[in-house]
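A short reminder: the numbers here are calculations on the coordinates, not readings from a lab. Every value quoted in this text rests on a predicted model; they were computed, and no experiment measured them. Here the Cβ positions follow ideal geometry from the backbone for every residue, glycine too, while neighbour counts run over all protein chains shown.
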Amino acid sequence: MIDLHCHTRESDGTDTPHELVQIAADAGITTLSITDHDTFAGYDAARPHAWKAGIELICGVELSCRHEEKTVHLLGYFRGAEGAPAEFREWVDGILTSRTERNLRLIAKLNGMGLDITLEEVQAIGGSVTGRPHFANVLVAKGYAADRNDAFRRLIGEEGAAFVERIGPTLAEAAGRIRAAGGVSSLAHPVRIGYFREPERELALLAELREAGLTAVEVYHSDHTPALCERYLEFANLLGLLQTGGSDYHGGNKAGLELGSVPVPWSVMEGLRSLGF
Ligand code: AMP
Ligand code: FE
Ligand code: FE
Ligand code: ZN
């Protein structure tokens, strides 16, 4: 079984890297990629545990990128045990810095609305990356939101009163960086870009990104219906892009979504193997 998209508590999942490897082993997963948001800390920590458990662990990351005023996720996969090279890791660390600045402005905005919340409190419940899901948890715990959805809808989501935009790389820049670093990029859960009612627009974006260095499309994902999987597979084949897939497991932060719960065919690995994975 294959799962090439999941998160540990180093970003916005809830399992430690060691726990995640154990869950993968119990689920019968043989090839796993940890794709934490904007950090390799989960992958690095999981490596020795995966080795012991006999699981092939592929170095991955999910980068938050800008596209037409919105955040779009781009997956990056890297060959070999070391995974992403030092220069690329330094560039990703820079993205983390911009995230910290965004978090500070988000706190200031929430405080300005009279909410008692500190960055320390939010950071305390996260790992290497502090994101809005952690803000949501603290806002719920303090009674400022009814639940996580409410926290996003009224406060920290794109339509929320305290929303702060984050400066990040563009999709094209990130795809180019991943390629230059010897990695494979894959457009994560394309349905979420919001063009799914305009397939020709999705196809045009993929074609444009391919020129910038995009190698693959995430065809199999927990948000994709069978019809959407078929559509994105067709787009990948049309454009000569590879396919990737995974559950996007986040542990307790996405209750009910299990690791390995999205069927990913072996043809996905055959494609990656052809590139030396
Ligand atoms: P950040 O990268 O810190 O801006 O946080 C983005 C993450 O927040 C996404 O990866 C989602 O997991 C989560 N998220 C974004 N919008 C929502 C929403 N409306 N409801 C629940 N979770 C959301
Ligand atoms: Fe996430
Ligand atoms: Fe994502
Ligand atoms: Zn993800």
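Details
- Mean ellipticity per residue at 222 nm, deg cm²/dmol - from DSSP H runs of n ≥ 4 across the chain, formula -39500 (n - 2.57): -13000 deg cm²/dmol
- Projecting the Cα positions of T215, T31, I117 onto the charge dipole of the chain (unit charges on Cβ atoms of Lys, Arg, Asp and Glu, taken about the Cα centre) puts I117 furthest along the positive direction.
- Under the convention that each Lys and Arg Cβ holds +1 and each Asp and Glu Cβ holds -1, the size of the dipole of region 45-104 around its Cα centre is about 200 debye.
- Rounded FRET efficiency, nearest 0.05, which uses the C-beta distance separating A124 from E230 and R0 of 45 Å: 0.55
- Gyration tensor verdict on region 176-253 (Cα atoms; rounded if a/c is under 1.5, prolate if a/b is larger than b/c, oblate otherwise): oblate
- Pairwise centroid distance, computed over Cα atoms, of region 93-115 with region 190-269, Å: 30
- Given +1 at the Cβ of Lys and Arg, -1 at the Cβ of Asp and Glu and no other charges, the dipole of the chain around its Cα centre is 220 debye to the nearest 20.
- Charge dipole (the chain, unit charges on Cβ, about Cα centre) - positive-most of G176, N137, Q243: N137
- Dipole moment magnitude, nearest 20 debye, region 95-156 about Cα centre, only Lys, Arg, Asp, Glu C-beta charged: 260
- All alpha carbon pair distances within the chain were sorted into 5 Å bins beginning at 0; the resulting P(r) in whole percents reads 1, 6, 13, 17, 19, 17, 14, 8, 4, 1, 0, 0.
- Within the chain, antiparallel bridges make up roughly 45 percent of the DSSP beta bridges whose residues both belong there.
- Dipole of region 23-172, positive end: most advanced residue of A151, G42, A53 [Cβ charges, Cα centre]: A151
- Taking amide hydrogens as placed 1.01 Å from N in the peptide plane, the amide H of V61 sits under 5 Å from those of G76, each at least 5 positions away in sequence or on another chain.
- Between A108 and A141, the simple spin-label model (points 7 angstrom out along Cα→Cβ) gives 2.5 nm.
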